[in-house]
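> First the structure, which I've put down as structure tokens, then a few questions once you've had a look.
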Amino acid sequence: MANLTENRLCCGGKARLKAGLAWLRSWITSPQYEAGLAQIDQLLARSTSRWAGHTLYESSDWRVALFGMAPWAELPLHDHPGTRGLVHVVDGTVRVNRFEIGRARSSTRFAELRHRGSRHLVTGDSEVFGRRYHNIHALQAGAERTLILSARNRLGAEREGSLYTPLSSDESNLNGLIPAFVLKHQLHAHPTME
């Protein structure tokens, strides 16, 4: 499974993106996927966050992971600094809420976010994220358990990411900006991620 095909993902152009998506989908029939699925079920049974992740493949450049989300579970607002990749819904539905930094603050503990839209993904749908687009996002599962495959290119990626906690949901009086508390964390340090 770990071969030169991995360099096709998110390296520009529709043909390469199509090849990258085929590469990501090929993981669904792999032994690693079956083992990951069993691990996700165990993690969800133990987790209070109602979502769990399991790494299927990791190299110095790429990481492929399987995420499971219980019905209506939320994966909090977060980012992947310096990465680009692709998410693919294997089973279920998920709503992706996208944000960007609206205005920089001198403090690294606060940010002002601008909502950049939402997308409802169903089984078979995919979405690309890049270093500068769709990189800050939150996910909410639908009424059934949702399984998502994620492939991320880690070339030039930072080791530290951010979790964002909006301090208001009302954009109307804030010029479209939502103040948020920012918590820096080591990437992949969540207790439900193995």
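Here, each number is a calculation from the coordinates, and none is a lab measurement. Quick caveat: nothing in here was measured; it's all calculated off a predicted structure. Neighbour counts run over all protein chains shown; Cβ positions are idealised from the backbone, glycine included.
> Sort out for me the Cα centre separation of segment 12-73 from segment 84-101, rounded to whole Å.
So the two Cα centres are separated by 13 Å.
> Moving on. Taking the Cα centre of segment 52-127 as origin, work out the dipole magnitude from +1 charges on Lys and Arg Cβ and -1 charges on Asp and Glu Cβ, in debye rounded to 20.
Approximately 440 debye in magnitude.
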